[in-house]
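Read-outs throughout are calculated quantities, based only on the coordinates presented, and are distinct from any laboratory measurement. Source: prediction; values computed, not measured. In this analysis, Cβ positions are derived from the backbone assuming ideal geometry, glycine residues included, and neighbour counts consider all displayed protein chains.
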């Protein structure tokens, strides 16, 4: 039986964008202040970044006819779905290892590298930038009215992602649960593309 199409109103599409789009992008590519020697912190930051990256892969790659339930997709904003270049092994890591406790994890052994690969984040960089620039050029109405994220904020993140440096983020909330983000640039990135947060080692 074919899937019933999801009938979305322009208001629903705008509300979904304003509610979560900024959040997914900033928490995929942004890196908070942390202790780079702490393995637990390294694990939590990178697992979170990979989770948000997985959301963006689905968002950008999925055509309307393959929508799962009520997923928000790039095509809802008039942006064409396009498969992002990613190796089969990386895609299996993203889809299988991230949120599934499976016997497939046994393929990793002491001689293989079980750490998350940088390629999952770096391959997402250009596709996300293309979507963000599309929104900045043709969909500025998505920001109106919205007190939290403005088109200037959006363009600021574009500039940071194009800087070739790590996007450092901090966020503070006031008593009304209103968020204030502070962005800074960090270390220079290899090939100018975001990678996962590195773990530093002590010399014992």
| remark: So, relative contact order of the chain in percent, Cα under 8 Å, 6 or more apart, is 26 percent
| said: For region 10-192, give me the percentage of DSSP beta bridges that are antiparallel, rounded to the nearest 5 percent. | reply: 75 percent
| Sorted by Cβ neighbour density within 10 Å, fewest at the top, the residues 202, 79, 172 | 202, 172, 79
| field | Rounded to whole Å, sorted largest first: equivalent-ellipsoid semi-axes of the chain, Cα gyration tensor | value | 29, 24, 15
| Fully extended, how many nm does the chain gain between residue 81 and residue 103 (0.36 nm per residue separation, minus their Cα-Cα distance)? | 4.7 nm
| Given the C-alpha centroids of region 14-89 and region 134-203, what is the distance between them in whole angstrom? | 14 Å
| note | Per-residue ellipticity at 222 nm attributable to helices in the chain (runs of n ≥ 4 DSSP H, -39500 (n - 2.57) apiece, nearest 500 deg cm²/dmol) works out to -11500 deg cm²/dmol
| Which of 122, 201 has the fewest Cβ neighbours within 10 Å, and the rest in rising order | 201, 122
| remark: A correct fewest-to-most ranking of 27, 39 by other Cβ atoms within 10 Å would be 39, 27
| How much FRET efficiency would the formula 1/(1 + (r/R0)^6) give for residue 70 and residue 146, where r is the Cβ-Cβ distance and R0 is 22 Å, rounded to 0.05? | 0.55
| How much length is gained if the chain between residue 7 and residue 159 is pulled fully straight, taking 0.36 nm per residue apart and subtracting their Cα-Cα distance, in nm to one decimal? | 51.3 nm
